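The values are calculated or read from the model by the stated rules, or taken from the named source; none is laboratory data. Owing to the predicted nature of the structure, the values given are computational and were not obtained by experimental measurement. Methodologically, a virtual Cβ is constructed for each residue, glycine included, from the backbone with ideal geometry; neighbour enumeration extends over all protein chains shown. Areas reflect the complete protein model, heavy atoms only, side chains present, ligands, DNA and RNA absent. Shrake-Rupley method; radii C 1.70, N 1.55, O 1.52, S 1.80 Å.
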Amino acid sequence: MKYYSTNKQAPLATLEEAVVKGLAGDKGLYMPERIVRLDEGTINNMKNQSFHEIACTVAQAFFGEDIETETLNEIVKDTLSFDTPVVNVSENIYSLELFHGPTLAFKDVGGRFMARLLGYFIQKEGLKQVNVLVATSGDTGSAVANGFLGVPGIHVYVLYPKGKVSPIQECQFTTLGQNITALEIDGTFDDCQALVKSAFMDDELNRHMKLTSANSINVARFLPQSFYYFNAYAQLDKLGKADNLVISVPSGNFGNITAGLFAKWMGLPVKRFIAANNRNDVFLEYLRTGIYSPRPSVATIANAMDVGDPSNFARIMDLFDIYGDKHHEICQHITGYRFTDEEIEYTIRYVYENDGYLLDPHGACGYQALIQYALESDETGLFLETAHPAKFKGTVDRILNADIEIPAKLQAFMKGTKQSVELCKDFDAFKSYLMEQ
Ligand SMILES: *Cc1c(COP(=O)(O)O)cnc(C)c1O
């Protein structure tokens, strides 16, 4: 399968090139040339399969032409060492719990898959060291760093906004050592993302070292996220609850919801997607007005969604390229809502007290969006619970006036010693740091 750039000014790339480069030469995002449609029988049969089997079928559709089945299945197996269960929260609302992986957030799926795929290409081609640059607003850094920890031939630089990620998030990528370096940037997440993008465009830097990205712009990170949409459907199907499915996705860079759209394009019967945002609502504004105007992000308590210029917007545009009136068609598939910090807090408190379910601030946006959408009685609402609430313990404890339990996996990170390199947000400082490595 070949990959083209959303800007359509770069040559087609192989899977390996797309994964190793991350971003196309014309600054566009890579997209697979074709989206293989699974037949209805295959999807209906998923309710009788394990998550591993389901994911292998989906992975085969994307990567089967480029990687031998046995190797691919092995990569899928190593990626999914945990489950993504669907849990009933209230009436016809279900939570897809994506936080049972090593860093307790959904990004573990993409982070682990990409690390293994890149590791495989490096080994196969005998490539010299590849350097992964990843900007994080909190959860990406930990998932990518932990996914890549100890993978030979790869060094990871995690760029994060100083003082803007929770202490628990921070320790998940600053305490690892080995092939992981944390860069603490005096700026916002958007500044971190801009530094990464500039680095890829800098010829001198790219001659000095081989760079790639592990943000959801990388196809190896975002495509595997479609695995759990199929798995969720299969679980609901088993319960007889898969008809008229409305899926609500707490969104920041829009990689997760784009993977959901890919699943739908592959044939997964999803009636509608909901993009749930915090106050960073440029996508909602696009749905309402047809105009996309990126702006600087604002800080919220759902900080992994503090994104003012979602990078996967270009992919969503591209998925709808075949339609004359793209905006109209997008509105047929996606509804948007946005929530203030106060509304998020209210939701966490309400759901905890009424349903006994503990939401994190991101999942709370997903849940509340289903409430606002007002499901019909024949619809099932599924929201993606993207992180374990304990990752945001300070916030959740304050809201509930409680002391929520920290899973052992998280406690282990908190025992480590923080190591980071502090840098200002200008590109020259970042570049000279990298040139010395
Ligand atoms: C990254 C993240 C999101 C947003 O996902 P995107 O793919 O960037 O839209 C939502 N919730 C949590 C907990 C995250 O870590």
Residues of the stretch 1-30 that turn out to be in a helix (DSSP H, G or I) and open to solvent by 20 Å² or more (accessible area, probe 1.4 Å), as a count: 3
Residue check, LEU96 within 30 Å of GLN172 (Cα to Cα) and open to solvent by less than 60 Å² (accessible area, probe 1.4 Å): yes
Single condition ARG338 does not satisfy, out of (1) farther than 13 Å from PHE254 by Cα; (2) of a type in the set (Lys, Arg); (3) within 18 Å of the chain's Cα centre (by Cα): (3)
Within the stretch 107-216, helices (runs of 4 or more DSSP H) holding 1 or more residues that are within 16 Å of the ligand (Cβ to nearest atom): 107-125, 139-148, 167-174, 189-201
Check on ILE316, under 30 Å from ILE168 (Cα atoms), modelled with pLDDT of 95 or more, within 16 Å of the ligand (Cβ to nearest atom) and open to solvent by less than 30 Å² (accessible area, probe 1.4 Å): no
One residue from PHE413, PHE383, PHE430, PHE392 being among the aromatic types (Phe, Trp, Tyr) and under 26 Å from LEU236 (Cβ atoms): PHE383
Single residue of the stretch 223-234 satisfying the filter (in contact with a strand residue (DSSP E or B) (Cβ under 9 Å, 6 or more places away or on another chain) and under 27 Å from TYR3 (Cα atoms)) that is farthest from the ligand (Cβ to nearest atom): ASN231
Every residue from the stretch 299-313 that is more than 10 Å from the ligand (Cβ to nearest atom) and either open to solvent by less than 10 Å² (accessible area, probe 1.4 Å) or without any contact (Cβ under 8 Å) to a residue 24 or more places away in the chain (or both): GLY308
Helices (runs of 4 or more DSSP H) (entirely within the stretch 347-421) containing at least 2 residues that are open to solvent by 10 Å² or more (accessible area, probe 1.4 Å), away from the ligand (no atom under 16 Å from the Cβ) and out of contact with any Ser or Thr (no Cβ under 9 Å at 6 or more places or on another chain): 393-400, 408-414
Enumeration of residues in the stretch 424-437 that are touching a residue at least 40 places away in the same chain (Cβ under 8 Å) and either open to solvent by 30 Å² or more (accessible area, probe 1.4 Å) or among the aromatic types (Phe, Trp, Tyr) (or both): CYS424, LYS425, PHE427, PHE430, LYS431, TYR433, MET435, GLN437
Residue satisfying all of: in the stretch 185-194; surrounded by fewer than 24 Cβ atoms within 10 Å (Cβ to Cβ) and under 21 Å from the mean Cα position of the chain (by Cα); farthest from THR300 (Cα to Cα) among these: ALA194
Selection from the stretch 235-292 of residues that are within 14 Å of the ligand (Cβ to nearest atom), more than 21 Å from LEU98 (Cβ to Cβ) and either assigned to a helix (DSSP H, G or I) or in contact with a Leu (Cβ under 7 Å, 6 or more places away or on another chain) (or both): VAL282, LEU284
Cβ pairs under 7 Å, 6+ apart, first in the stretch 71-84 and basic (Lys, Arg), second assigned to a helix (DSSP H, G or I): LYS77/HIS52
Any hit, the stretch 96-113, residues being over 21 Å from ASN215 (Cα atoms) and in contact (Cβ under 8 Å) with a residue 40 or more places away in the chain: yes
